[in-house]
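Trainee: This is the structure, below, for whatever I ask next.
The values are calculated or read from the model by the stated rules, or taken from the named source; none is laboratory data. Everything quoted here is computed from the prediction, not taken from an experiment. Every residue, glycine as well, gets a Cβ built from its backbone with ideal geometry; the counts of neighbours run over all protein chains shown.
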Amino acid sequence: MKKTLLTLMLLCACAISAHAQQIYNEVMRMQKEFKAIKYDKDKPMTERKTASFKWDVIEYMLYKAKEDTTFTEKQLGIETYAMTEFVNLYFKRLSEAGNNKSKKEIAVVRFKNASLNNALFGDLDYELCHAYVNNANFMTPFSLDTDWVKALAEIRSKSWD
C-alpha cells in the first residue's frame, strides 16, 4: 500500500513538473519569435519595436523570477499571455481611435496607468522597469514590472464609448 501511494505521488510530481516545463518551453518559444521579429529588417519598425518590448518583458520576468521563488512557470505563462493580450488590445484601441487625438490620448493614459498601477514584483529599480514608460522611441509606454493579468482586467473593466 505504501509503495502504491509513493508511486502515485511520484507520478503526480512528474506530471506537474512536465506541465511546468511545457509552459516554460512555450514562453521561450514566444520569446524566440519576438526576438526574430525584432531583428527582422523586413518588418515595419513599429512591429519590431513592439516585439522588442515583448521580448524585454519576458526577459525581465525571467530575471525577477530567479529572485522570487514563489513565481512559478504557470504564473510566467499566464503573465506572458496577459501581456500579449494587453499590448494587442492597446494597439486595437489606438486603431479604433483613428485620427481622434483625444481618444488616442485617453487610450494611452489608461493603458499606461494600468501598467504603472499594477506592479508584479514591486521593483524599485525604476530606471530599468520604467525604461519604456516615457520613451518616445517606443509606442509601448508600459512598465516592465507589471502584473499583466491585473492590468488587463483593469483595462477591460473600462467603458470605451
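Trainee: So, THR80, is that one surrounded by 12 or more Cβ atoms within 10 Å (Cβ to Cβ) and either hydrophobic (A, V, I, L, M, F, W, C) or within 20 Å of THR146 (Cβ to Cβ) (or both) or not? Don't jump to the end; show me each part of the working.
Mentor: Values: surrounded by 12 or more Cβ atoms within 10 Å (Cβ to Cβ): yes; either hydrophobic (A, V, I, L, M, F, W, C) or within 20 Å of THR146 (Cβ to Cβ) (or both): yes.
Yes: the conditions hold for THR80.
Trainee: Exactly one of (1) among the small types (Gly, Ala, Ser); (2) at pLDDT 95 or above; (3) more than 12 Å from the chain's Cα centre (by Cα) is unmet by ALA18. Its number?
Mentor: Every listed condition holds for ALA18 apart from (2).
Trainee: On to the next question. Determine, yes or no, whether ALA97 is of a type in the set (Gly, Ala, Ser), more than 14 Å from PRO141 (Cβ to Cβ) and crowded, with 16+ Cβ neighbours inside 10 Å. Before the answer, list the steps.
Mentor: Details: of a type in the set (Gly, Ala, Ser): yes; more than 14 Å from PRO141 (Cβ to Cβ): yes; crowded, with 16+ Cβ neighbours inside 10 Å: yes.
Yes: the conditions hold for ALA97.
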